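We did not get these values from a lab; they are worked out from the coordinates using the rules stated. These numbers were taken from a predicted model, which means no experiment stands behind them. Every residue, glycine among them, receives a Cβ derived from its backbone with ideal geometry; neighbour counts consider all protein chains shown.
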Amino acid sequence: MPLLTGLPSYVSYGPYCLANSQLASNAPDTGKEENRARDLHYALWIPDLFMKRVEADGDWSLMCPHKCPGLCEVWGDEFDKLYMKYESEGKANKTIKARALWFAIYSAQEKTGAPYMLYKDACNRKSNQGNIGTIKCICNLGSIALNMFVTTEKQYDFYKLKEVTKLITKNLNKIIDINYYPLPETKKSNMRHRPIAIGVQGFTNIEMKWN
C-alpha cells in the first residue's frame, strides 16, 4: 500500500500469511534498514485454529493469499475447513512449528510493542453485525493514558476518564468522515460500519504513582 499522506498506517493480516516469516525484520525499529517499514504498524488477526496448534505444539502452514484465496472471508469452522483443505492440497509455501511463530511474535512484541494481537473468531462470534459478513479488521484507533487521571491526592478521577472517553469516541467517529482512504473498498467499509477501537495504556504507571 503506498503511503501518500506521510502518516503512519496500520496493517492487519492473518498468521497464515507468508509475510509472517519476516515478522521481526519488517518491524519499524528492528532488523536491516532496507527491510524496515517505519510507517507501518502491524496487527495479527488470529484464528482459533492457530492457538489450538500452538497449544498442541503442532505445525503451522504459511500461505500466499493469491494461491490460497478466501481465508480472510471466513471464520470459525468455515475457516478451519478451507485452511486445512489448502494444507491437504499441498498449497502451503512453508511449514513451521506454530510455537516457533508464537515465540517470534512474543519476541517482536518485547522489542517493539507490536504486532498488535486481535482474535478473529472471538470478534466475529460476538459481533452484532454478523449478518453483513466477516469482520476483516479495518478499524480507527485511539488510546487513553490511564495514568493521567491520578490526582495529586493519589485518588483516581473517574469522572475525567468518562469525559475523555466520550470525547475520544466522538473524535474517532469524525475521523471516519475526513480520513484519507487509499482504496475505495476501505472507504466503503469504514463508512458503512464506522468501526472504532479505544485502547488503554499506563496502568503500571498508576501503580508506581500510588506506591
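Can you sort ASP48, ASP59 by how many other beta carbons sit within 10 Å, fewest first? Please list the in-between numbers first.
Details: ASP48 17, ASP59 13.
By the 10 Å Cβ count, ascending, the order reads ASP59, ASP48.
What is the order of TYR119, TYR42, TYR106, fewest Cβ neighbours within 10 Å to most?
The fewest-first ordering by Cβ neighbours comes to TYR106, TYR119, TYR42.
Sequence neighbours fewer than 8 away in the same chain don't count; with that in mind, list the lysines whose C-alpha is under 20 Å from LYS111.
Straight-line reach from LYS111, under 20 Å: LYS32.
At a Cα cut-off below 13 Å, give the aspartates and glutamates reachable from LYS97, other chains included and same-chain residues fewer than 8 away excluded.
Within reach: GLU55, ASP57, ASP59.
What ranking of ILE46, ILE178 emerges when the number of other C-beta atoms within 10 Å of each C-beta is taken as an exposure proxy, fewest first?
ILE178, ILE46
In straight Cα distance, which lysines are under 16 Å from LYS160, not counting same-chain residues fewer than 8 positions off?
LYS170
Whose amide H sits under 5 Å from the amide H of ASN140, counting only residues 5 or more places off or on another chain, with H placed in the peptide plane?
ILE196, ALA197
Over 25 Å between C-alpha atoms is what I'm after, so list which of LYS126/LYS209; LYS120/LYS188; LYS85/LYS188; LYS85/LYS136; LYS91/LYS120 land there.
Check vs 25 Å cut-off fails for LYS126/LYS209; LYS85/LYS188.
Do you know the relative contact order of region 138-211, to the nearest whole percent, from alpha carbon pairs under 8 angstrom that are 6+ apart?
57
Please give the Cα centre distance for region 187-208 versus region 92-165, rounded to the nearest Å.
8
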